[in-house]
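Just below is one structure, and these are the notes that go with it.
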Amino acid sequence: QAIVVRIRSNPERRSSPAPAYQQAMAVGKNKRLTKGGKKGGKKKMGDPFLKKEWYDIKAPSMFSVRQCGKTLVSRTQGTKIATEELKGRVLEVNLADLNNDEDQASKKIRLCIEEVQGRNCLTDFHGMTLTRDKICSLIKKWHTLIEANVDVKTTDNYVVRMFAIGFTKKMPDQVASSCYAQTAQIRKIRKKMTDIMTAEAGKVQLRELVKKLIPESIGKEIEKQTQGIFPLKDCLIRKVKILKKPKFDITKLMELHGDGGDDAGVDMLRPEDEAAVNTLTADVQAAQEDD
């Protein structure tokens, strides 16, 4: 049998209309209504690029194109100084753009801003890498890939980590499809790679090392010296990192940027007059004639 339960509502608990003093809200008491919205609401944002300035990037003198790009920075405001914000920025530029040579497009150069003079940012070498498509084009089946890396200290106290890569090569009249190197041969080649990189980078300054990296002379030296172990091809310096820098020296940086200045002198169009010989030269000539 179904049990029916009746619930009798209490007539005293029925919702009664709010009293008059609650219905009419006093305008003067609620401050948020009068001020229009929440305190600390969204500020009207202007265009952030109106507060920024453009600076020119100057590459070191080892590259043929000295002005290689521009960079943005917010204007000096309070304790945030624009030049200090620029220092330490690392830029990545293709070597083809730095040397106006499309054959060098497979290398990317990293430059670090060391000093700001006026609107010019003076940079120094900060690293080098091969492009991804170049490395992918080198890797093939039926060959052994050999890699080596070494930390070297240059003569001007830069600690550089260099990565080398090489591939085994088929003999001229080889019939077999593969040319794999044995593990013992790989170890010998890797040892030879590290020795050559240490010798080439440890005896020169950083700027001379960069000049060796651009034409890939270290890779050619590795190919030449490893012929007796196993013939190699496509020996390249895959990557270069700057691990540690010496204390910043403005004079060395200015030497690096010095010979490519915009304000170069002009050669004299006419030879110097004979009468304009200085007195010291005249005295030396007179002494020689007396003898």
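The values are calculated or read from the model by the stated rules, or taken from the named source; none is laboratory data. Please read these numbers as outputs of a predicted model, since none were measured by experiment. In this analysis, Cβ positions are derived from the backbone assuming ideal geometry, glycine residues included, and neighbour counts consider all displayed protein chains. With ligands, DNA and RNA removed, areas are computed over all heavy atoms of the protein, side chains included. Shrake-Rupley method; radii C 1.70, N 1.55, O 1.52, S 1.80 Å.
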If amide H atoms are modeled at 1.01 Å from N in the peptide plane, then the residues at a separation of 5 or more from residue 205, or on another chain, having amide H under 5 Å from its own are 155
For region 101-250, build the convex hull from the C-alpha positions and give me its volume per residue in Å³. 122
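Going down the table (80/203; 192/245; 52/252; 108/153; 80/212), which pairs top 32 Å between alpha carbons? Walk me through the numbers before you get to the answer.
Values: 80/203 41 Å; 192/245 27 Å; 52/252 30 Å; 108/153 22 Å; 80/212 40 Å.
Pairs exceeding the cut-off: 80/203; 80/212.
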Can you compute the charge dipole magnitude of region 137-179 about its Cα centre, using +1 on each Lys and Arg Cβ and -1 on each Asp and Glu Cβ, nothing else charged? Give it in debye, rounded to the nearest 20. 200
Which percent of the accessible area of region 38-184 is formed by carbon and sulfur heavy atoms (probe 1.4 angstrom)? 49
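Given all pairs of different Cα atoms, what value in angstroms does the Kirkwood hydrodynamic radius of region 50-91 take? Write down the numbers at each step before the final one.
On the way: mean 1/r = 0.0866 Å⁻¹.
Value: 11.6 Å, from the Cα pair sum.
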Integer Hz, Karplus 6.51/-1.76/1.60 couplings in order for region 133-144, x for Gly and Pro: 5, 5, 5, 5, 6, 7, 6, 9, 6, 6, 10, 9
If each Cα of region 69-121 is one equal point scatterer, what is log10 of I(q)/I(0) from the Debye formula at q = 0.21, 0.22, 0.24, 0.27 Å⁻¹? -0.79, -0.83, -0.91, -1.03
Please work out the Cα center distance from region 53-94 to region 122-199, rounded to the nearest Å. 33
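Give the accessible surface of region 112-239 per residue, rounded to a whole number of Å², with probe radius 1.4 Å and ligands, DNA and RNA excluded. Don't skip to the answer; put the middle values down first.
Numbers: 6470 Å² over 128 residues.
Heavy-atom accessible area per residue stands at 51 Å².
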